[in-house]
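First up is the structure itself, then whatever we jot down about it.
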Amino acid sequence: MGYPIRDQQALYFLTFTTVGWADIFTRPHYKDIVIESLRYCQAHKGLELFAYCLMTNHLHLIARAAEGHELSHIVRDFKKFTATRLFTEITASPTESRRNWLRWLLTQEGERNPNNTNFQLWQQRSHGVELRDQEMVRQRLAYTHANPVRAGICYRTEDYVYSSASFYAGMEAVLPVSLLF
């Protein structure tokens, strides 16, 4: 069960997971949709992003809402937009080898959830954890950036493209963030 976002301007560690832990983000194009949506939320929705890591079936963020915005609304809009865009891309792509299976899975999950009408890509909860002190922040930042190393994708955190670890190492990143430390 997820935890609700109570303080809309507090710093949170968030995890968005695909339904059935399906490995949807195996194609760069799908990952880019998520990254561009985060960029849009930074520029237009009041998302203050401090860390991220996009894996094949989940996304970790350390974020908060800017003054005058609500984090729960940003999360809702982000998940709705990315789910719709990804579902459209997946089901329309003649080169997507998993197209029929993913369409079936996402449609089945959507039919099980009374909050959806056609499909569901993200699990309902965002598992938000308010980061109340520096130790929690440091622990979740290290955990977020170490994900691809633990998964055997790379040897160094900063080598994974779809993560903010490179930005923390003073390198370029596909999506710049505000540094926590």
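The values are calculated or read from the model by the stated rules, or taken from the named source; none is laboratory data. These numbers come from a predicted model, not from an experiment. Virtual Cβ from ideal backbone geometry, glycine too; neighbours counted across all protein chains shown.
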For the subset of the stretch 97-122 comprising residues that are modelled with pLDDT of 95 or more, of a type outside the set (Ser, Thr, Tyr) and part of a loop (DSSP other than H, G, I, E, B), which member is surrounded by the fewest Cβ atoms within 10 Å (Cβ to Cβ)? Arg98
Only one residue in Thr88, Thr84 is within 30 Å of Leu141 (Cα to Cα) and assigned to a helix (DSSP H, G or I), so which one is that? Thr84
Among residues of the stretch 115-167 being aliphatic (A, V, I, L, M) and within 30 Å of Thr91 (Cβ to Cβ), the residue nearest to the chain's Cα centre (by Cα) is Leu121
Tell me yes or no: at least one residue of the stretch 51-59 is in a helix (DSSP H, G or I) and either touching a Phe, Trp or Tyr at 6+ places or on another chain (Cβ under 9 Å) or surrounded by 19 or more Cβ atoms within 10 Å (Cβ to Cβ) (or both). no
Pairing a residue in the stretch 133-157 that is under 16 Å from Thr56 (Cα atoms) with any residue that is among the hydroxyl-bearing types (Ser, Thr, Tyr) and part of a helix (DSSP H, G or I), where Cβ atoms lie under 8 Å and the two sit 6 or more apart in sequence or on different chains, gives His145/Thr157; His145/Tyr168; Ala146/Thr157; Pro148/Thr157; Val149/Thr157
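Results for (1) among the acidic types (Asp, Glu); (2) buried (at least 19 other Cβ atoms within 10 Å of the Cβ); (3) within 22 Å of Gly20 (Cα to Cα); (4) without any contact (Cβ under 8 Å) to a residue 12 or more places away in the chain, shown as yes or no for each residue.
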{"site": "Glu36", "(1), (2), (3), (4)": "yes, no, no, yes"}
{"site": "His44", "(1), (2), (3), (4)": "no, no, no, yes"}
{"site": "Glu48", "(1), (2), (3), (4)": "yes, yes, no, no"}
{"site": "Ala66", "(1), (2), (3), (4)": "no, no, no, no"}
{"site": "His69", "(1), (2), (3), (4)": "no, no, no, no"}
{"site": "Ser72", "(1), (2), (3), (4)": "no, no, no, no"}
{"site": "Val75", "(1), (2), (3), (4)": "no, yes, yes, no"}
Does the stretch 127-139 contain at least one residue that is over 22 Å from Leu47 (Cα atoms), at pLDDT 95 or above, surrounded by 15 or more Cβ atoms within 10 Å (Cβ to Cβ) and among the acidic types (Asp, Glu)? no
Tally of residues being of a type in the set (Asp, Glu) and either under 17 Å from Leu38 (Cα atoms) or touching a His at 6+ places or on another chain (Cβ under 7 Å) (or both) across the stretch 126-181: 1
Report whether or not Phe87 is under 17 Å from Ile33 (Cα atoms), surrounded by 13 or more Cβ atoms within 10 Å (Cβ to Cβ), of a type in the set (Phe, Trp, Tyr) and touching a residue at least 12 places away in the same chain (Cβ under 8 Å). yes
